[in-house]
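What follows is a single structure, written as structure tokens, with notes after it.
The values are calculated or read from the model by the stated rules, or taken from the named source; none is laboratory data. Only a predicted model underlies this, so the values are computations on that prediction, with no experimental measurement involved. Here the Cβ is made from the backbone with ideal geometry for all residues, glycine too, and neighbour counts use every protein chain on show. Just the protein is used for accessible areas: all its heavy atoms, side chains included, with ligands, DNA and RNA removed. Shrake-Rupley method; radii C 1.70, N 1.55, O 1.52, S 1.80 Å.
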Amino acid sequence: MMWYFACIYVLEVLVHDCACASEVKRASLGVESISLNGKWELVNSNSSVSLSAEVPGCVHTALQRQGFISDPYFRFNDLAYRWISLDNWTYITSFSVPAYARGKGRAVLVFEGVDTVSTISLNGVTIGKTDNMFRRYDFEVTGLLKDQDNILQVWLMSAVTYASQRSHAHTQYRVPPTCPPPVQKGECHVNFIRKAQSSFSWDWGPSFPTLGIWKEVRLDVFNTLRLLSFTTSPKYDSNHASWQVDVELFFDVVVASKGTVHISIPLLLSEAEFQLSLTPGESRKSFVLQVNQSVSVALWWPFGHGEQPLNNLKIAIILGGETLHADRWIAFRTVELVQEPISSSPGLSFYFRINGKPIFLKGSNWIPVHAFQDQVTNDMITILLRSAQKANMNVLRVWGGGVYEQDLFYKLCDFYGIMIWQDFMFACALYPTEKDFMQTVREEVTQQVRRLKSHPSVVIWSGNNENEAAIATDWFNITVAERPQYLKDYVNLYVENIRDIILQEDITRPFLASSPTNGVETEKEGWVAQDPYDPHYGDTHYYNYEKDCLDWTAFPRTRFASEYGFQSWPSFSTLSKVSVASDWDFSSNFSAHRQHHEDGNQQMLKQAELHYILPNSTDPVQRYRDTIYITQVMQAQCVKTQTEFYRRSQGDIIEGEGHTMGTLYWQLNDIWQGPSWSSVEFGGKWKMLQYWATDFYAPILSVGVEDQGNLLIYAVSESHSVMQKVKAKVKLHSWSRFDAVCSFESNLTTIKEGGSTLLFQCPISALLMKCGNCTRRSCIVTFHLRNSGGEMIGPRNHMFLSSPRHAEGLQKPNITFTVKESITVQSFAVTLHCSFPAMYVWLDVDDVPGHFYTNGFLMLSKKSTIIFESWTPITAEELAAKLHVTSLRDVY
Ligand code: BMA
């Protein structure tokens, strides 16, 4: 499995992390923890299925591991195993409690995460119920414990049945949508349960409404008190040019106590001591540590803009001669979301200022890594985040239809400089607002904000995904008479409750009620704007599969593109793990089954066909592989064109639109092996888009466009200070020969910081006239930037003068290759030879984990060497045996 081999990366981080782990150390202050993780018993409702099951875990994983079912991701198994989620299941364990632990004054059973609806009993006594997978639950069990054979039972109700019952009990008015579209083959009423909304199916994922105990379970016993959690919020005082850190400690107190709290940041020579006085019950204590002004504080920057220094903040709580220690990484940075008038444009700006500097956000959207969250490994998270950073991303949006990610995710983002746009988990639906629903949501939001707010990577909270748009643009056929009720519920949930909690818990970050939204304009309009997609305000989501994606004039020149994208199919090696030979056809039942987006397969082919000749091999498997390839070419080219348009629009205001300051394409990762908008496949393999993102997200970039018959070449830079002089080198290449037909260069021009600068402009007709026999069809334009010293700056780029499907002179390139070990460990030099220029040369090493330095490239010389970095030990011969090379002209 590809994921497995990322451990080298995890090690790098864990070594970094172990010096100051952020966990509260429990075995102090008399708090003892007994872990109840491990093997439990699991039975279904009529006891016809009984097995042992790992906790943390879920029913599907247990059934698979014990051989009751095969891989749920295989072929049509999502349908075959639907029964699992329609049944109710009970987890049972028994445990002993040593005398010293039973002697403690308080005993609390802590469930870090139950998925989702359960009734929990200990020794036959019901101790509590759960209804929200995003919450931690603490149940008082003092006096209920025996020395041996304590029986703990967690009865889990089918999430599907529960959601349906709740929806039917909601009789006053409907809360749409009822069911997902049939193409998703999912379950109904997911908006009635606080569970990953995509677990009932999504347009990129299967329906696996899991049941389980997905996070750890333990018994905490203590006499005096326990520390529940603590948070740290660095704040900058611009008047005094100084930093302070607000520290909050959350206690569960049994016996009134007095003592002291010592807080320090050793590296910054900053410390302070505070008196602590606690009375029984839950208690929240706030302290402010002033950072020593004589020490200079190194700021945390998003990736590409500076370093990510992390400082260890230590806490010692001294009570009655005992000391409780806790520590965590903290970092210093400020974040502002700037929404202010822009000259010559109606509306408002929408951009992030980090440490006082405007930052263009480059990244993508993050969805759940697996349908079975207990199977998500550190390696999977690490591979994906490393992949994002390697592609020059500085932001990811944790999308609201999945889960709040695990701690490691946010720690790695702190470490890598990846900013997080954090949605709350509500998506593409309206939600009920009954008292118990709201109560559980309030607890969820409070807990999650307290868990995540200490991470510098988190830069914004956002209430939901597309629910403002759903009301504004009437996705659910709501009548005029019904509308006020839904508006009221919307404001109640996201504003009066979620925003209200944010204002109490964390005012150091901006909050948006939804995405897309018009920001402050939405607020003015009563929290549901007339048109949340208005390009003059806030962020937008934009999808159009029918229009020619190479026509940049069709894209809305938005302030901030938080979603846009195109689907593609994952590679053959990824798909073949969950399919059989008869599935390997684009018109097979399997191909239709895995496609959860209405007309998705047709849309991909139609878009591809605008510019490429569709694969026509007579060998059906070859044609299937080639079709996968062409969908990846189309996706990479479409997302590239749109992203370059947005990056180029950073400094522009054209007809009142522009000043684009963010691009997060939909979507980084996949939940299973199926067609989707992702750039990284399930298993961690990079699609062509991921390779191309490395280039279109480069810090300095050349962008070429055709505008009214002119070729324009821009330099786009995100740098704040380095004013560089660059020139564009432009070449025309014929498809039929290796040497450039002619070349041009622009004047040396100073490029604008944080914007785009036009370097080269020429009518295409004039260009072609100067280039011998070149026509729009027979030649392609390539270009790159050079600085005054002649060094190349940023990646090479290219532009077509006509559709590649009309390329004249393009011939089968007859690519051959050799593979040699290179000087660095586990990297290999793949040398390619071709007899004609080749377009979109794609190197595929099957399921060998690793990545190439570049891929999906133009090969305009006879020989080219590409490095492959392997994440697993492999020999050059083995790699060569797995290597498969395709180019555009090879598929027809
Ligand atoms: C957006 C997202 C997701 C969806 C994607 C592709 O609307 O928020 O809901 O998966 O589009 O359709």
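List of remarks:
- The set of residues in the stretch 799-825 being within 33 Å of the chain's Cα centre (by Cα) and surrounded by 17 or more Cβ atoms within 10 Å (Cβ to Cβ) consists of MET799, PHE800, PRO804.
- Among the candidates VAL703, VAL730, residue that is touching a Lys or Arg at 6+ places or on another chain (Cβ under 6 Å) and open to solvent by less than 10 Å² (accessible area, probe 1.4 Å): VAL703
- Helices (runs of 4 or more DSSP H) (entirely within the stretch 578-686) containing at least 1 residues that are within 16 Å of the ligand (Cβ to nearest atom) and β-branched (Val, Ile, Thr): 620-648
One line per residue, one yes/no per condition, for (1) open to solvent by 30 Å² or more (accessible area, probe 1.4 Å); (2) within 16 Å of the ligand (Cβ to nearest atom); (3) more than 24 Å from ARG805 (Cβ to Cβ); (4) polar (S, T, N, Q):
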{"site": "SER734", "(1), (2), (3), (4)": "no, no, no, yes"}
{"site": "ARG737", "(1), (2), (3), (4)": "yes, no, no, no"}
{"site": "THR750", "(1), (2), (3), (4)": "yes, no, yes, yes"}
{"site": "CYS774", "(1), (2), (3), (4)": "no, no, no, no"}
{"site": "ARG777", "(1), (2), (3), (4)": "yes, no, no, no"}
{"site": "THR782", "(1), (2), (3), (4)": "no, no, no, yes"}
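- When the strands (runs of 3 or more DSSP E) confined to the stretch 281-396 are screened for residues that are touching a residue at least 60 places away in the same chain (Cβ under 8 Å), those reaching at least 2 such residues are found at 311-319, 322-330, 335-338, 345-348, 351-354, 357-359, 361-366.
Here's the yes/no breakdown for (1) within 16 Å of the ligand (Cβ to nearest atom); (2) under 19 Å from the mean Cα position of the chain (by Cα); (3) touching a residue at least 60 places away in the same chain (Cβ under 8 Å):
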| residue | (1), (2), (3) |
| --- | --- |
| GLN406 | no, yes, no |
| ILE420 | no, yes, no |
| ASP436 | no, no, yes |
| ARG499 | no, no, no |
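- Pick from the stretch 503-556, criterion within 14 Å of the ligand (Cβ to nearest atom) and in contact with a Gly (Cβ under 9 Å, 6 or more places away or on another chain), ranking: farthest from ASN492 (Cα to Cα): TYR545
- First in the stretch 465-478 and open to solvent by 20 Å² or more (accessible area, probe 1.4 Å), second anywhere and within 11 Å of the ligand (Cβ to nearest atom), Cβ under 6 Å, 6 or more apart: GLU466/CYS428
- Count - residues of the stretch 844-858 that are open to solvent by less than 30 Å² (accessible area, probe 1.4 Å) and either farther than 29 Å from ARG623 by Cβ or touching a Ser or Thr at 6+ places or on another chain (Cβ under 7 Å) (or both): 4
- When residues of the stretch 159-218 are limited to those that are more than 18 Å from LEU493 (Cβ to Cβ) and of a type in the set (D, E, K, R), the one farthest from the ligand (Cβ to nearest atom): ARG218
- Set TRP672, TRP666, TRP677: member being open to solvent by 10 Å² or more (accessible area, probe 1.4 Å) and of a type outside the set (Gly, Ala, Ser): TRP666
Residue by residue, here is whether (1) more than 16 Å from the ligand (Cβ to nearest atom); (2) more than 30 Å from LEU313 (Cα to Cα); (3) surrounded by fewer than 19 Cβ atoms within 10 Å (Cβ to Cβ); (4) modelled with pLDDT under 95 holds:
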| position | (1), (2), (3), (4) |
| --- | --- |
| ASP423 | no, no, no, no |
| ARG442 | yes, no, yes, no |
| HIS455 | yes, no, no, no |
| SER462 | no, no, no, no |
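- When restricted to residues that are of a type outside the set (Asp, Glu), open to solvent by 10 Å² or more (accessible area, probe 1.4 Å) and either within 22 Å of LEU79 (Cα to Cα) or within 32 Å of the chain's Cα centre (by Cα) (or both), the stretch 166-191 contains 17.
- Taking the stretch 747-780 as the range and being closer than 21 Å to SER649 by Cβ and either part of a loop (DSSP other than H, G, I, E, B) or of a type in the set (Asp, Glu) (or both) as the test, the residues that pass are ILE751, LYS752, GLU753, GLY754.
- Taken over the stretch 550-577, the criterion of being assigned to a helix (DSSP H, G or I) and aliphatic (A, V, I, L, M) is satisfied by ALA554, LEU575.
- Residues of the stretch 407-421 that are assigned to a helix (DSSP H, G or I) and open to solvent by less than 10 Å² (accessible area, probe 1.4 Å): PHE409, TYR410, LEU412, CYS413, ASP414, TYR416.
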